[in-house]
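The values are calculated or read from the model by the stated rules, or taken from the named source; none is laboratory data. None of these values were measured; they are calculated from a predicted model. Please note: Cβ atoms are built from the backbone with ideal geometry, for glycine as well, and neighbour counts cover all protein chains shown. The protein model used for the area step is the full one, side chains on, heavy atoms only, and it has no ligands, DNA or RNA in it. Shrake-Rupley method; radii C 1.70, N 1.55, O 1.52, S 1.80 Å.
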Amino acid sequence: ISVNPCVLRPKSRGSVKLRSADPREPGLFMSNALQNSEDVETLLRGIRLGMRILEAPALARLLDGRVTPTDVDARDDEALRQYARNVAKTVYHPVGTCRMGPEGDALAVVDPKLRLRGVDNVRIADASVMPTLVSGNTNAPTMMIAHRAAEFILRG
């Protein structure tokens with residue numbers, strides 16, 4: 001049995017930037033994962049809940065014990081926070097690198113009709129336009145974004 005707490009609505013924000021004007025140069029990616037303390041606190045609550053579930057009498061009698069974290073005092077919040085920082089991973093659904101938003105949103109590079117601001121005849125139609133991460137898989141919302149993009153293009 002494994003329990004894997006995750007942050008479905010992270011507050012931390014990363015960035016993707018160009019390294020140079022040369023398109024062959026790899027971009028500069030900074031995830032900034034767990035930069036916001038609320039994300040770490042969410043994981044702390046998830047770890048504690050997972051331990052409570054696994055230690056419940058009905059389940060605990062079926063298990064040999066906890067595999068991880070074994071080297072961490074489960075009563076020590078700061079130790080559990082550090083554990084979370086050391087082992088946390090993404091669930092591979094990053095979004096928002098080309099955030100969509102209204103005029104005046106300093107972080108939005110795509111308008112509500114999926115047009116890339118400042119560049120003629122370019123639309124962005126993938127998960128990168130999502131301003132925030134959805135709580136489920138990004139597949140269906142991404143298909144809907146593509147569907148809307150097709151409608152915008154066909155309408156001219």
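Of the conditions (1) open to solvent by 100 Å² or more (accessible area, probe 1.4 Å); (2) in contact (Cβ under 8 Å) with a residue 12 or more places away in the chain, residue 75 satisfies every one except a single condition; which number is it?
Answer for residue 75: the failing condition is (2).
Can you tell me which residues in segment 118-133 are surrounded by 12 or more Cβ atoms within 10 Å (Cβ to Cβ), without any contact (Cβ under 8 Å) to a residue 40 or more places away in the chain and not acidic (Asp, Glu)?
Scanning segment 118-133 gives 123, 124, 125, 127, 128, 129, 130, 131.
How do the pairs read when you match residues in segment 1-26 that are under 18 Å from residue 108 (Cα atoms) and open to solvent by less than 100 Å² (accessible area, probe 1.4 Å) with residues anywhere that are of a type in the set (A, V, I, L, M) and not in a loop (DSSP other than H, G, I, E, B), using Cβ under 9 Å and keeping only pairs 6 or more apart or on different chains?
14/30; 15/28; 15/30; 16/28; 16/30
Considering (1) free of Cβ contacts under 8 Å to residues at least 40 places away in the same chain; (2) open to solvent by less than 60 Å² (accessible area, probe 1.4 Å); (3) among the hydrophobic types (A, V, I, L, M, F, W, C), say which one residue 88 fails and leave the rest.
Going through the list (1) free of Cβ contacts under 8 Å to residues at least 40 places away in the same chain; (2) open to solvent by less than 60 Å² (accessible area, probe 1.4 Å); (3) among the hydrophobic types (A, V, I, L, M, F, W, C), residue 88 breaks only (1).
Please go through segment 94-106 and pick out each residue that is assigned to a loop (DSSP other than H, G, I, E, B) and surrounded by 10 or more Cβ atoms within 10 Å (Cβ to Cβ).
Result: 94, 95, 96, 97, 98, 99, 101, 105.
Looking at segment 53-65, can you tell me whether even one residue there is more than 18 Å from the chain's Cα centre (by Cα), closer than 17 Å to residue 6 by Cα and open to solvent by 80 Å² or more (accessible area, probe 1.4 Å)?
Yes: one or more hits.
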